[in-house]
Amino acid sequence: MLVGPTASGKSEVAHALALRRTSEGRPTEIVSCDSMAVYRGMDVGTATPTAAQQAEVPHHLIDVVDPAEEFSVRRFVGLVDTALHEIEDRGADAILVGGTGLYVRALVDGLDIPGRYPDTLAALEPLGTDELARRLEVLDPMASSRVPPGNRRRLLRALEVTIGSGRPFSASGPGLLAHPPTPFPMVGLAVERDMLSERVRDRYDRQMTAGFLDEVRRLLERPEGWSRTAREALGYRELAAHLRGEVSLDDALEDAVRRTRRFAVRQERWFRRDPRICWVDAPAVEPDPPIGPDRAAAARSVGEMWSELAAAAAGVATTVDPSCCA
């Protein structure tokens, strides 16, 4: 499992590592753990690997659903399980690559993910955040104690499950608070916080050159529309506002950079809480060659760490430094 914040270079490093391992006689395929890369027609803004890259290395869970469809964690886990079995049947290894923290944890830890209750959610959404907090405190005090103050999204989800299923949301188990042993060697790409903004801005510059605005325009013109989950993809909401005439293009891009930077910081904090992840430095931004020297070096570091962790999990003596996972 290779994780890290947006714009850390996960896809490029995974691609370089898969090519390297395959050339050494260890066929390796890539499984995306990105909640937005699953959507067809949303390739530029989600930094989906190019057709050439996918021809070099088999990729899975890319372009598998229509943008009009809602996509859930449960569906993701089912699709990944199928992909992993197929990869294993071919005698290959898999690099799972993602920045969607809940998707990663659901897969790595086999979380008991509660179902969705859209009618219940629709009835809750008009309520104010304070009222949601009061209701959750009454119905599920344990879940209430785990929700940060004012986090409306998590309040809605906890109440949706508690009311819709008839059992407390907290009854789903320790969930994200526990970090049990896992068979997945987990490596993260570390980016200095003050570099995130620059990397995010550089990525938007490249995406705009690659046709991001036209991609959003095509989505807006679709008669089927696009789902609530698809509309939350980074950059799409902001560029859609520009195309509707609500903001200038410059302001839309600034809004997108700010939201993406905040999201990247939250991603990093999420992954840093997991003591099982060992960290290596992310590569420098190399926009021209698909695999430049810095990405190749990062891929070597990830591969070495992966081998160390896998050997340690198998009970083989290694030189892995436990402090890297702190």
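The values are calculated or read from the model by the stated rules, or taken from the named source; none is laboratory data. Because the structure is predicted, anything quoted here is derived from the model rather than measured. Cβ atoms come from the backbone with ideal geometry, glycine included; neighbour counts cover every protein chain shown. With ligands, DNA and RNA removed, areas are computed over all heavy atoms of the protein, side chains included. Shrake-Rupley method; radii C 1.70, N 1.55, O 1.52, S 1.80 Å.
The table that follows gives values for the structure above.
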quantity	calculated
Residue count, the stretch 67-90 (criterion: touching a residue at least 24 places away in the same chain (Cβ under 8 Å) and either part of a loop (DSSP other than H, G, I, E, B) or among the basic types (K, R) (or both))	8
Selection status of A16, in a loop (DSSP other than H, G, I, E, B) and within 27 Å of S307 (Cβ to Cβ)	no
Positions within the stretch 130-140 being in contact with a helix residue (DSSP H, G or I) (Cβ under 8 Å, 6 or more places away or on another chain), open to solvent by 40 Å² or more (accessible area, probe 1.4 Å) and of a type outside the set (A, V, I, L, M, F, W, C), in sequence order	R135, E137
Selection count, the stretch 218-272, where residues are over 15 Å from T6 (Cβ atoms), open to solvent by 60 Å² or more (accessible area, probe 1.4 Å) and part of a loop (DSSP other than H, G, I, E, B)	5
Hits in the stretch 165-190 (condition: β-branched (V, I, T) and over 28 Å from V147 (Cβ atoms))	V187
Filter pass, F71 being surrounded by 16 or more Cβ atoms within 10 Å (Cβ to Cβ) and within 30 Å of S307 (Cβ to Cβ)	no
Long-range neighbours under 7 Å by Cβ, at least six apart or interchain, first residue part of a helix (DSSP H, G or I) within the stretch 91-114, second small (G, A, S) and buried (at least 21 other Cβ atoms within 10 Å of the Cβ)	Y103/S35; V104/G98
Residue tally, condition among the hydroxyl-bearing types (S, T, Y) and open to solvent by 40 Å² or more (accessible area, probe 1.4 Å), over the stretch 199-217	1
Complete set of residues in the stretch 1-43 that are in contact (Cβ under 8 Å) with a residue 24 or more places away in the chain and of a type in the set (G, A, S)	G4, A7, S8, G9, S11, A14, A16, A18, S32, S35, A37, G41
Residue check for R40: farther than 26 Å from L219 by Cβ and either open to solvent by 50 Å² or more (accessible area, probe 1.4 Å) or among the small types (G, A, S) (or both)	no
Matching entry among V257, V265, V280, V247 (being β-branched (V, I, T) and in contact with a strand residue (DSSP E or B) (Cβ under 9 Å, 6 or more places away or on another chain))	V280
Out of L155, L196, sole residue that is under 30 Å from D130 (Cβ atoms), of a type outside the set (S, T, Y) and either within 18 Å of the chain's Cα centre (by Cα) or open to solvent by less than 60 Å² (accessible area, probe 1.4 Å) (or both)	L155
Residue in the stretch 44-52 that is in contact (Cβ under 8 Å) with a residue 40 or more places away in the chain, under 20 Å from L196 (Cβ atoms), among the polar types (S, T, N, Q) and part of a loop (DSSP other than H, G, I, E, B) present	yes
Candidate set: the stretch 112-129, residues that are loosely packed, with under 12 Cβ neighbours inside 10 Å and either of a type in the set (F, W, Y) or closer than 29 Å to V3 by Cβ (or both); chosen: the one modelled with the lowest pLDDT	D112
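Results for (1) within 26 Å of the chain's Cα centre (by Cα); (2) within 27 Å of L234 (Cβ to Cβ); (3) assigned to a loop (DSSP other than H, G, I, E, B), shown as yes or no for each residue.
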residue: A123; (1), (2), (3): no, no, no
residue: S170; (1), (2), (3): yes, no, no
residue: G188; (1), (2), (3): yes, yes, no
residue: R203; (1), (2), (3): yes, yes, no
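Conditions (1) open to solvent by less than 40 Å² (accessible area, probe 1.4 Å); (2) farther than 29 Å from F169 by Cα, marked per residue:
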| site | (1), (2) |
| --- | --- |
| E29 | yes, yes |
| S32 | yes, no |
| H60 | yes, yes |
| F76 | yes, no |
| D81 | no, no |
| R105 | yes, no |
| G110 | no, no |
